[in-house]
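The values are calculated or read from the model by the stated rules, or taken from the named source; none is laboratory data. Note that the structure is a prediction, hence the values are computed from the model and not measured. Ideal geometry is used to build each Cβ from the backbone, glycine not excepted, and the neighbour counts take in all protein chains shown.
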Amino acid sequence: MSDVVLKVNDLKAWFDDFNAVKGIDLEYKRNTINAIIGPSGCGKSTYIRCLNRIHEEVAGAKISGEVLLEGKNIYAPDADPVEVRKHIGMVFQKPNPFPAMSIFDNVVIGPRLWGERNKKNLEEIAYKSLQKAALWDEVKDKLHQEGTSLSGGQQQRLCLARTLATNPPIILMDEPTSALDPIAAAKVEDLMMELKDEYTVIVVTHNMQQAARVADYTSFFVLGELIEHGLSSDIFTNPKNQKTEDYITGRFG
Amino acid sequence: MVEMVSKDNIENNTSSPLKKRGISYKQQDKIAFMILRGFALAIVLLLGLMIYQLFQASAPAIKEFGFSFIYNDFWNPIEDEFGALPFIYGTLVTSLIAILIAAPVSIAIALFINEYLPKALGNLLGLFVELISAIPSIIFGLWGLYYLAPWVKDSLTPILKSTLGFLPLFSGPSFGIGILTASIILSIMIIPTITSVCREVFKVVPSLQKEAALALGATKFEAIKLAILKPSFSGVMGAVVLGLGRALGETMAVAMVIGNSAEISKSLFGAGATMASVMANEYAEADSEIHLSALCLIGLLLFVVTFFVNFFARSITWKAKMRGKKV
């Protein structure tokens, strides 16, 4: 197995005529956390949404370029987006558990969709995923309450557990803590660090401290272009590009 | 009082630039408020008045038959003996079959418009569906009489008989006009109602869950089932009940194709009558006071039932919408 799990070649994305992502080339190494930072409207959300082919679900969306998952292009004509998304999971900005569905059902919905019917297996998956998402202790006595009855932070960890239940090698996170209070956000950050052993995480964040704390690599985007990419320690202490320096020191953005 | 007036005069004389001549703005607003309130109250009063007068008109029948009016199955204007059961039966059966046909079709149309079509095309199709509800009832009746009834007799009946003929529902001869034809007409007439309410309900379901489902490797249809159909279940029920409300009261088209016979036919091919259709058919020819009163009593029953069905439906859809907005 090569060290690079995901490789992006000249990725461009549009909303109708608006070119939101303008040719990105990046590589992601296995078992790393990769942050994407940049001012609002820099295309970072659109970019990450191209990595699991969810951008194309928006009306007027267009994409060009390649995204190689273990060397295979997810945009190849014979690649099935549903299959792609089974390998590349996503946690969204706003916690979005399915309403009118219990905590348990929320966690195992992925495996259920893929045909797992065995109750014991599902219980095992739910237990493991909730453990990994550090939610088990808080919900073990109320697995059959509605998922939406939890607090915002718990809901977000439930959504993470739901993604972990499908066991994707790559997990995308689109500003996963921006709708949470600082304590809940810190919990999700801790989780990212733990997930690194088994997964590759790509996270879009508005919070530069968060990127500096958790990410091994950081990419800085402005107006759909990649300005700088490198080890987080370099980016945040010794940026090579003036724009990056201005942004991380708060003079721009 | 005298002092007050003189004080006012003084103020007028000094003619403050802030004082308006004639009717003050405050008074203008008050008048507008009174007029608008008057209209709004009038409509509520009218509703009350209609119930009261319907009640008055049906009083002789209530006195004569009491509760037996609801469960007696004979309707004999010559002997002046009246029981509404055949019409209650006809109304319920035609409305239920109409719902069974219209609900799945409408839900499918609403999903297709909202989730599969581009916005402009979807709105155009939605407009067409809603235009169906603008077609006058009598046109549906004519179409039912000249095209649908022969089709039911010659094409649909043989199919139903050969597949489900062992059921008493599909026994006996078909003359085209009858309960089944009336139900089909009704189903077409209520599809626009159910479709447009379903579209409203689906629209307020947030798209976040749909993306969540897709991101978990759900197919588009699975995502729609999970994230749109499931959370809007109660709202869809409301839409269906609203359609039911319309079906219960629909008169003209049904009267033209149901056969108008005061009997309880086990077979859907048989003729029947509904509460609304019997009123339309017999009101002009009813010459005895008790016959008229019996018709009014049917009207009162229908009024009360449709009122509550509509009220119930609106409260469900309203609650569903509120919940959709909160998420």
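Just to be sure I understand the filter: pairs with C-beta atoms under 8 Å, separated by 6 or more residues or on different chains, first member in segment B:88-99 and of a type in the set (S, T, N, Q), second member outside any helix (DSSP H, G or I). Which pairs pass? That search, which allows pairs on different chains as well, returns B:T91/B:T274; B:T94/B:I258; B:T94/B:G272; B:T94/B:T274.
Identification of helices (runs of 4 or more DSSP H) wholly contained in segment A:166-253 with 3 or more residues that are among the polar types (S, T, N, Q) and surrounded by fewer than 23 Cβ atoms within 10 Å (Cβ to Cβ) yields A:232-237.
With a cut-off of at least 2 residues that are over 28 Å from B:F221 (Cβ atoms), name the helices (runs of 4 or more DSSP H) lying wholly within segment B:100-181.
B:137-143, B:157-164
Residues in segment B:210-228 that are surrounded by fewer than 16 Cβ atoms within 10 Å (Cβ to Cβ) and either closer than 30 Å to B:L92 by Cβ or in contact with a helix residue (DSSP H, G or I) (Cβ under 8 Å, 6 or more places away or on another chain) (or both) were compared, and the one that is farthest from the other protein chains (Cβ to nearest Cβ) is B:K220.
B:M279 passes all but one of (1) touching a residue at least 40 places away in the same chain (Cβ under 8 Å); (2) over 30 Å from A:L172 (Cα atoms); which number fails? Unmet condition: (1). Within segment A:38-91, restricting attention to residues that are of a type in the set (S, T, N, Q) and either closer than 27 Å to A:R157 by Cβ or in a helix (DSSP H, G or I) (or both), the residue that is nearest to the other protein chains (Cβ to nearest Cβ) is A:N52.
Within segment A:92-116, can you find the residues that are among the small types (G, A, S) and at the interface with chain B (Cβ under 10 Å from one of its Cβ atoms)? Listed by number, the residues that qualify are A:A100, A:G110. None of B:S267, B:S277 is among the hydroxyl-bearing types (S, T, Y), buried (at least 23 other Cβ atoms within 10 Å of the Cβ) and modelled with pLDDT of 90 or more except B:S277. Selection of segment B:186-209 for residues being more than 8 Å from chain A (Cβ to nearest Cβ) and more than 30 Å from B:I135 (Cα to Cα) yields B:V205, B:S207.
Of these, A:N9, A:N106, A:N52, which one is in contact (Cβ under 8 Å) with a residue 24 or more places away in the chain, surrounded by fewer than 19 Cβ atoms within 10 Å (Cβ to Cβ) and not charged (D, E, K, R)? Don't jump to the end; show me each part of the working.
On the way: A:N106 fails: surrounded by fewer than 19 Cβ atoms within 10 Å (Cβ to Cβ); A:N52 fails: surrounded by fewer than 19 Cβ atoms within 10 Å (Cβ to Cβ).
Being in contact (Cβ under 8 Å) with a residue 24 or more places away in the chain, surrounded by fewer than 19 Cβ atoms within 10 Å (Cβ to Cβ) and not charged (D, E, K, R) holds for just one of A:N9, A:N106, A:N52, which is A:N9.
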